Amino acid sequence: MAPQRFFASDNFSGTHPRYLGAIDAANSGHVVAYGGDALTQQAIALFQDLCDEDVEVLFTFNGTGSNIVALGSLLQPGDSVVCTQWSHINVDETGAPERILGVKLHDVQSSTAKVTPADLHSLSHNLGNVHHVQPGVVSITQATELGTLYSIDEIRELCDVAHSYGMRVHLDGARIANATAALGGDANTFRAMTFGAGVDAVSFGGTKNAMMGAEAVLLRRDVASPRAAFLRKSSTQLPSKMRYASAQFVEALTSGLWLETASHSNAMARRMYEKLRHVDSLRLSPPQVNSMYPVLPGEAKKKLQNWNFFWDWDESIGQVRWMTSWDTTEEDVDRFVAGVLYFLGE
Ligand SMILES: Cc1ncc(COP(=O)(O)O)c(C=O)c1O
């Protein structure tokens, strides 16, 4: 029987065979633990090359942990983190930033899940008042939790405004590969969108992009705390057998697999859109990366979810999320589209 594939999330899928191969190849003999091994040194050098910047590279277990390490390395006493109401740090991390970092999140309202310069101008009125929490770090997500993208110019402008107020900028890149693939598809795009635009810290996602539990934090060394590695350990994110995460990043960055899998995933979402765009009731927008947020009538939604599970997104308006993955095939898309049309009676 063919393996079942869903359109719920890019972490429902498994691990790419080439990453499993890299793990297998790394699984021989004894090496120094906690990152003292040759593969980790190679992976760090590859990331430094990718960023073309003096960055500290810290591998972690998961995206929530990456965000904690990245944010904590940028925060100063009395600071808050500015984000949108949709941001993963705000709604999907069980209050981890608040609990572990003891920080207030300033969640600005956005229909596109994007922080704007106007938000920063407005919050800047708190600066310097000792009775007010200081908006010290801006956290943006690329691609966002609503599948939208900041353009490179938008990120540059946001960083310029943030820096003019003395704020630092964190980028939650759980889906940075999908964003990079969509905005140009090469290392230059990645650089221009992150450190080149002025971003100070990046949570670089691997797990949603075909890896097995491999994430990285990239920190601009002259801005982030020199104690970031200590924060990684004290927030339980220091892998002892680091070679397995490092082996995957070496494979990703030397062969370009990270962009190959992300562009494929984006293309599958585009295919689904092209086949369903004529169904007005779904209110589909063209996907910018690998997700879409259609509206479904209650009965059809339940039947579809029972047949091929996906998550609700905004239940108040019957909105759901469909997301493709590195291993989604054209046949998977066509079969799902046929199911959607069937249950909608189209
Ligand atoms: C935008 C974003 N950031 C971070 C994460 C990290 O999640 P996890 O801690 O589950 O790896 C996710 C996962 O859904 C995400 O969508």
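Read-outs throughout are calculated quantities, based only on the coordinates presented, and are distinct from any laboratory measurement. These numbers were taken from a predicted model, which means no experiment stands behind them. Positions of Cβ are backbone-derived with ideal geometry, glycine not excepted, and every protein chain shown enters the neighbour counts.
How high is the FRET efficiency between F309 and K233 when r is their beta carbon distance and R₀ equals 35 Å, given to the nearest 0.05?
E between F309 and K233, to the nearest 0.05, is 0.40.
Working out 0.36 nm times the residue gap between K302 and D160, then minus their Cα-Cα distance, what length gain in nm do you get to one decimal?
46.5 nm
Tell me, in nm to one decimal, what length is gained between N188 and E330 on full extension, where the rule is 0.36 nm per residue of separation less the Cα-Cα distance?
48.2 nm is the gain from fully extending N188 to E330.
Please enumerate, by chain and number, the lysines with C-alpha under 22 Å from the C-alpha of K302, excluding those fewer than 8 residues away in the same chain.
Result set, ordered by chain and number: K275.
Antiparallel versus total DSSP beta bridges in the chain: what percent is that, nearest 5?
50 percent
For R168, R156, R221, what ranking results if the residue with the fewest other Cβ atoms within 10 Å of its Cβ goes first?
R221, R156, R168
I need T15, T141 ordered by Cβ neighbour count within 10 Å, fewest first.
Result, fewest neighbours first: T15, T141.
Say each of S240 and Q42 gets a label point 7 Å from the Cα, pointing the same way as Cα to Cβ; how far apart are those two points in nm?
My value for the distance between the label points is 2.5 nm.
Between the stretch 33-52 and the stretch 140-206, what's the alpha-carbon centroid distance in Å?
22 Å
Using a cut-off of 28 Å between alpha-carbon atoms, which lysines can reach K233, once sequence neighbours fewer than 8 places away in the same chain are excluded?
Those lysines meeting the cut-off are K104, K208, K241.
For W307, W326, W86, W313, which order do you get if you count the other beta carbons within 10 Å of each Cβ and list the fewest first? Please list the in-between numbers first.
Working: W307 12, W326 25, W86 22, W313 18.
The order, fewest Cβ neighbours first, is W307, W313, W86, W326.
Given points 7 Å out from each Cα along the Cα-Cβ axis, report the R99 to N11 separation in nanometres with one decimal.
1.5 nm
Kindly provide the helix-only [θ] at 222 nm of the chain, computed as the sum of -39,500 (n - 2.57) over DSSP H runs of four or more divided by all residues, to the nearest 500 deg cm²/dmol?
-12500 deg cm²/dmol
State the antiparallel share, in %, of DSSP beta bridges confined to the stretch 24-152, rounding to the nearest 5.
0 percent
Of P226, P287, P239, which is the most mobile in a GNM of the chain whose springs link Cα atoms less than 10 angstrom apart?
Fluctuation is largest for P226.
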